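Okay, structure first, notes after.
The values are calculated or read from the model by the stated rules, or taken from the named source; none is laboratory data. All figures in this text were calculated on a predicted structure; none of them were measured in a lab. Glycine also receives a Cβ, built like all others from the backbone with ideal geometry; neighbour counts cover every protein chain displayed. Accessible surface areas use protein heavy atoms only, side chains included; no ligands, DNA or RNA. Shrake-Rupley method; radii C 1.70, N 1.55, O 1.52, S 1.80 Å.
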Amino acid sequence: MNYKQRNHLAMFMAVQHVFKTYPTELSVIKALEGFIAKFNELLTQINEVYRIQQGHTTGSSKLKLKEEAEMIEATVHLAAAMYVFAQVTEAPDLQAKCAVSVSLLEKMPDQTLLAACLNIYNEAIKLGDALSEYGKSPDDIARTKKEIDDFSVLISSPRSAIVTRSQATKELALLIDEANDLLRNKVDKLMELLKVSQAKVYNTYRSARVIVDLRGGKKVEEFE
């Protein structure tokens, strides 16, 4: 998280405090309830992704990393047997397809990684029992497919459910932009309706919407 994002997060926390302090006063505008709930959800996601960016992992992230590692290991072992088979049978095209490593696969985005592992599996299916002599039985091939299927299910989950550290920086920016848009284009507009009837709430919210540069103390008024 860069300093600008930290400044925004501090503002978000101040705004959330206003929401928690004046729930009754804010409930007079029904639409606000849904927007506040969405904002609180976004703030929870921002904090979670920030923890991941800092090196922490959630339960979902740990499960994804576990399944990814198991799939990669199974695929690399299967590919190794196929690579030797291709050398012995003089099948250079197959040999090239099986030239994979753990480090190579770990660098791939999720969908690319899934496709690469599926390609190895599909080539293994074509060979069938021929790989038994090289240490990989049909049962081994089937187990590799199960690891691939397990990983495929996980990465089809909602975007906010599973975020690895390498994805966190991009995800954080998207979430902060979404929270900013929600405040500017929805909550700020509706808060204007409380300017007279709930002046204290309105003024407290307006103060919370000021972004303070935590490095230099400069203030930026967000609520116009």
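Okay, here's what the table says:
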quantity	calculated
Residues whose placed amide H lies under 5 Å from that of Val210, excluding near-sequence neighbours	Glu222
Cα radius of gyration and Dmax for the stretch 164-204 (Å)	15.3, 47
Stretchable slack from Ala10 to Glu25, in nm (0.36 nm times residue separation minus alpha-carbon distance)	3.1 nm
Karplus-derived 3J(HN,Hα), 6.51/-1.76/1.60, for each residue of the stretch 127-137, Hz, glycine and proline x	7, x, 5, 4, 7, 4, 5, 9, x, 10, 7
Å² of accessible area per residue within the chain, as computed with a 1.4 Å probe and no ligands counted	55
Computed over the chain: relative contact order in percent, which uses C-alpha pairs under 8 Å that are six or more apart	34
Point-charge dipole on Cβ atoms (K/R +1, D/E -1) for the stretch 1-132, about Cα centre, debye to 20	740
Gained length - Ala99 relative to Ala130, 0.36 nm times residue gap less alpha-carbon distance	9.3 nm
Residue-wise HN-Hα coupling along the stretch 105-112, computed from phi with Karplus coefficients 6.51, -1.76, 1.60 (Hz; x: Gly, Pro)	5, 5, 7, 7, x, 3, 5, 5
Accessible surface of the chain, 1.4 Å probe, proportion on carbon and sulfur as whole %	53
Stretch gain in nm, segment Leu182-Ser156, where the contour uses 0.36 nm per residue and the Cα spacing is subtracted	6.7 nm
Principal axes of the chain: Cα extent on each, largest first, Å	83, 38, 24
Charge dipole (debye, nearest 20) of the chain; +1 at Cβ of Lys and Arg, -1 at Cβ of Asp and Glu	1400
Reach of Lys136 by Cα under 16 Å, taken over aspartates and glutamates that are not fewer than 8 positions away in the same chain	Glu73, Glu123, Glu147
